[in-house]
Every structure is written in structure tokens, then in C-alpha cells.
1. Is one or more of the residues making up the stretch 119-128 outside any helix (DSSP H, G or I) and not assigned by TED's automatic domain parsing to the domain that holds residue 208?
2. Please identify the pairs in which a residue from the stretch 376-390 that is over 12 Å from residue 406 (Cα atoms) has its Cβ atom under 9 Å from the Cβ atom of a residue that is part of a loop (DSSP other than H, G, I, E, B) and at pLDDT below 90, counting only partners at least 6 apart or on another chain.
3. Quick check on the stretch 292-316: of everything there that is buried (at least 17 other Cβ atoms within 10 Å of the Cβ) and under 24 Å from the mean Cα position of the chain (by Cα), which residue is modelled with the highest pLDDT?
4. I'd like to check something: does the stretch 410-418 contain any residue that is modelled with pLDDT under 90, surrounded by 18 or more Cβ atoms within 10 Å (Cβ to Cβ) and under 13 Å from residue 352 (Cα atoms)?
5. Could you check how many residues of the stretch 217-269 are part of a strand (DSSP E or B) and farther than 17 Å from residue 279 by Cα?
6. Could you tell me which residue of the stretch 94-118 is surrounded by the most Cβ atoms within 10 Å (Cβ to Cβ), considering only residues that are out of contact with any helix residue (DSSP H, G or I) (no Cβ under 8 Å at 6 or more places or on another chain) and over 20 Å from residue 146 (Cα atoms)?
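The values are calculated or read from the model by the stated rules, or taken from the named source; none is laboratory data. Source: prediction; values computed, not measured. For neighbour counting, all protein chains shown are included, and Cβ atoms are generated from backbone atoms with ideal geometry for every residue, glycine included.
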């Protein structure tokens, strides 16, 4: 009899229905519940279904004090009164740091932090990188016991799934320091795609901040030249593979208010050993600092082909799922952060967390997160791979894997679907 929580395996969708076990040893790979370590296994730290963490109370109703905590050095990115505001900043965090990013909740405030170190020097590299991105980080030494992994907080439940603390109704006024275009549907869709990637010789529209410093990075070598219209009030500074773009902010002589440009500008970036030209049409918007990657698939495709050279097809599928599951994705792969919800099942919430593409191999894997809906009457549900072979989830599936075969309330399960990639 197989275990309800069998090791992660992958089933190839072939005529012979070959099933391959990816990991062995019989260990369960469910992520631990997000709970306050000092709550004695009580209420969760963040919202799990409809549960909300509340302060500990004595039988008499008095608040109890927690024991002293060990403070750690961390990079603080901002404090917010709403989850949606914090999630907008989280979209600007580089992919490699999202696993280290923490979402913290104290009282009616939410704080986004990154890293946890005993020594201040260890946090400095993270601080410098965030500072280069224009995210205005601050190194602080604080107690992190009221924090949880941000990818769990945002990736699983999504900002629409999270119940926010009641807020007082205020008139919608424009305040200095608040990004006014974040509520624009076009901007929200653009930022939801994650870091923008631009291919050579293809004119690409990008959104850049009209108030903060933006960063353009050439992935194939140093930036040799940037041609742009200086008369539009733009400054550009290059440093190796990076270019930093800033739009001029003027002041209205009549009102004294700051004026942020909305005029699109063209940029022609020459970079790499072969002097590849990238064409960008930059639309300045009132949004946080943006990071744009200039990529060339020639090098990535060559590297991907070498990774899979001489490997049977079923093992290629297996490696792709294994790397995605362990979050050990080769840098030559293309990773798209999506966090796209699907309303397909009555009792199960499904969110497409990301898509990992092995360019040149014609394969990609979609990673979904499954969770029982808060309103579901079920506490557990048995899963089968065939439940998810739906055209809404994959058009050309060739393999499927479930992290666990049982879905429990408060314990999300990851689903991986491998398909033939079509641009």
C-alpha cells in the first residue's frame, strides 16, 4: 500500500504510462505550517484560510508578554498599512532574493524585509544591490519572530485572497511619495509579469519610473553605448554591464508642485562582445524603480543544449521538474513569475506561480500551488494527477507531478506540469 504522502514523482503522459520516482527515501516534502514558534502550536502567524493570528491572552483575558527574542540584522524595504501596497513593492524584489524576503505583521502595519544575519557585514551585499535598484533599503536590527516567508505569503494566497485589517475610509488624495499609477490596470498587468526581458533587434515597450533611478542590465557583456534623446530631460550613467536611467523632475513655476514627465523616449543600447543592439521605447510612469534585462538567447540556448546533451527524453523531463522543485534552476533557463489564479474547482484554489522555460529544448514546466478554499467544508482531499489534465492548465502536457497525493487545509501542495513549449 502506498503512502498518502508519497515522495514526489512524475508521470509521463505516454502510451505506456511510465511512472518515474523523482526523489527516494520516503520523506514527506510538505512545507511546515506558517506558525508562530512561541504560540505553542496555536494560531498561525499569517492568514491560513480564515484563521488570523491574535496576541496571546491569559485565561483572565489579559495580554501575555512573550519571552525576549534574538534580534537579527535585516534589510528593511518599507512599512505599509495594506497588504496590496506591500505586494506592489514585493514585485520589484529580484527573483534570487524572493526566497529570503520576509513579510512581517505587527499591529495594523505590514513590513517587507529581506535576509536574516547575526552580523551586520553579512547583510551589506543585499543592501547594496537593493540600493542600486532604487528600492531605498535600510539596515535594521529587529526581532523577526512576527515574520513569515514572503513567497508563501504572496505566492500561495495572493493579495486578493488575504483579508486585510480594517482601514479607515479616507478621501483619495494624491500624496508625495505615493506611486499614483500602481492602480492603473495596464501597469498592474505589466508589473505582475516580473522583471522585464528584452530581446535584440526587437522594438520593445517598457515601463520605467519617472521619479526613481531605473536599472538596465546587459546579460551578455558590458554596455558599450546608449543612444537617447538628451533634450527630453534624461540622464544615463553606465557601469560595466549596468546602465542607470533617471528622468528629469521639474517644478511648476506657477504652483511650485513637482512635475514628473510622461513623454515616451527611445533608447538604443549597444552591448555584448558582438555589439548587439537593443531597442527600447520607455514609457515613464509613476511607479517604483524598474529593472530591465537585455538578453540574448544564443548563449542560453547553447548552454541548455549542452546541459541536456545525450540525455534520454524522459530524464530531461525529470531533471526539469527536479530543478524547479528544488529551486535550483540553471541561469540559462527563462523564469516567468506569474502568480495567476484559476477558478476551476469548487473546493480547490489553484495559482500558477511561475513558468520555467528551457530555451532550445522546446520544454517548459508550469508550477502551480493548490490549496483548499477557506469556505470548503472538506479538511482533506485525495488528489490524482488526472484531475489537472485540463486545457486551462496546459495545452501540450507531456508530464505531470504532484508534491503530495493528499491536500489538507492550511497545507498547500505544489503541482508541476511539463509541456512542449510554444512561443
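1. Yes.
2. Correct list of pairs: 376/49; 388/394; 389/13.
3. The selected residue is 292.
4. no
5. So the count comes out to 11.
6. Residue satisfying both the conditions and the ranking: 95.
Okay, residues lined up against (1) within 30 Å of residue 312 (Cβ to Cβ); (2) assigned to a loop (DSSP other than H, G, I, E, B):
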| position | (1), (2) |
| --- | --- |
| 331 | yes, yes |
| 338 | yes, no |
| 344 | no, yes |
| 356 | yes, no |
| 369 | yes, no |
| 376 | no, yes |
| 394 | yes, yes |
| 398 | yes, no |
| 414 | yes, no |
